[in-house]
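Student: Please read through the structure below; I'll follow up with questions.
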Amino acid sequence: MSDNFAVAATPQAHAADIEFFVRRGMTKGYQLLSLLTPPLYTVFALTRYGRSHINVNRLLRATWIGGSVGIAGGGAFEYARSAYSNPEKVRIRRLHATYDTSSIRADDHSTIGGILFAVITPALFWKRATSLNLILGGAGIGSAVGLIAHYARTVTGDPAPTVPVPEIPPVAPH
């Protein structure tokens, strides 16, 4: 058992933890900006151009571009946060993130919504937008809808189950 702890302190383990958090940050950034972009773009377009400039194509394009910015921003933030942190604290953060069932359920709902809306949006708005904007923008809106579904389930009394995080003794530096 002590061999596992010795391996956990290696630079390769820290690199794996950084990679985990970068992927997680990219996912969370995509979810957040896919949720925020459609209403922000709508308000921006209404105040700047008026009602005549809002259409499905522009809204879907703004949604997937916002999601892409969220991917880049979330990944960069988590890389900067994790790469320059104490490896022991990063390992503990990874352990807590691994057992965070609420976050896992939010990711699952977001993924399911993204896949469903990537298929449903082109079927509904085929003539109103380009196919790239329909698929990618639909995935972004679906991701946001899935995230809202997760939080709605939590608020209405169906929270994700909690799993206790096992205690791991600290690793002695070499």
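Please treat every number below as a calculation from the coordinates, not as lab data. Since we're looking at a predicted model, the values are computed, not measured. Counting neighbours? That spans all protein chains shown, and the Cβs are built from the backbone with ideal geometry, glycine included.
Student: Where in region 46-114 are there chymotrypsin sites (Phe, Trp or Tyr not before Pro) that are in a DSSP coil and have at most 15 other Cβ atoms within 10 angstrom of their Cβ?
Tutor: Answer in residue order: Tyr49, Tyr84, Tyr99.
Student: Taking 35 Å as R0, compute the FRET efficiency from the Cβ-Cβ separation of Ile54 and Tyr99 and round it to 0.05.
Tutor: With R0 = 35 Å, the Cβ-Cβ based efficiency is 0.25.
Student: Under a point spin-label approximation (7 Å from Cα along Cα-to-Cβ), what is the Ser85-Ala152 distance to one decimal in nm?
Tutor: Between Ser85 and Ala152, the simple spin-label model gives 3.3 nm.
Student: Further question on the same structure: Give the angle, between 0 and 90 degrees and rounded to the nearest 10, that separates the Cα long axis of helix 131-155 from the longest principal axis of the Cα atoms of the chain.
Tutor: Here the helix axis deviates by roughly 60 degrees.
Student: Quick one, which of [x] 19.8, 67; [y] 21.1, 68; [z] 16.8, 62 is the actual Rg and Dmax of the Cα atoms in Å calculated for this model?
Tutor: [x]
Student: Please report, to one decimal in angstroms, the Kirkwood hydrodynamic radius of region 54-130 built from all distinct Cα-Cα pairs.
Tutor: Averaging 1/r across every pair of different Cα atoms and inverting gives 15.4 Å.
Student: Can you give me the C-alpha center-to-center distance between region 129-157 and region 19-50, rounded to a whole angstrom?
Tutor: With region 129-157 and region 19-50 each reduced to a Cα centre, they are spaced 11 Å.
Student: All other residues with a Cβ under 12 Å from the Cβ of Asp100 taken together, and with Lys, Arg as +1 and Asp, Glu as -1, what is their net charge?
Tutor: Value of the local net charge: +4.
Student: Compute the angle between helix 56-83 and the longest alpha-carbon principal axis of the chain, please, reported from 0 to 90 degrees and rounded to the nearest 10.
Tutor: Compared with the principal axis, the helix lies near 10 degrees.
Student: Also: Can you give the angle from 0 to 90° between the axis of helix 87-98 and the longest principal axis of the chain, with both taken from C-alpha atoms, to the nearest 10?
Tutor: Taking Cα atoms only, the helix is inclined about 60 degrees.
Student: Suppose we keep just the alpha-carbon trace of region 104-174; what are its Rg and Dmax in angstrom?
Tutor: 18.6, 64
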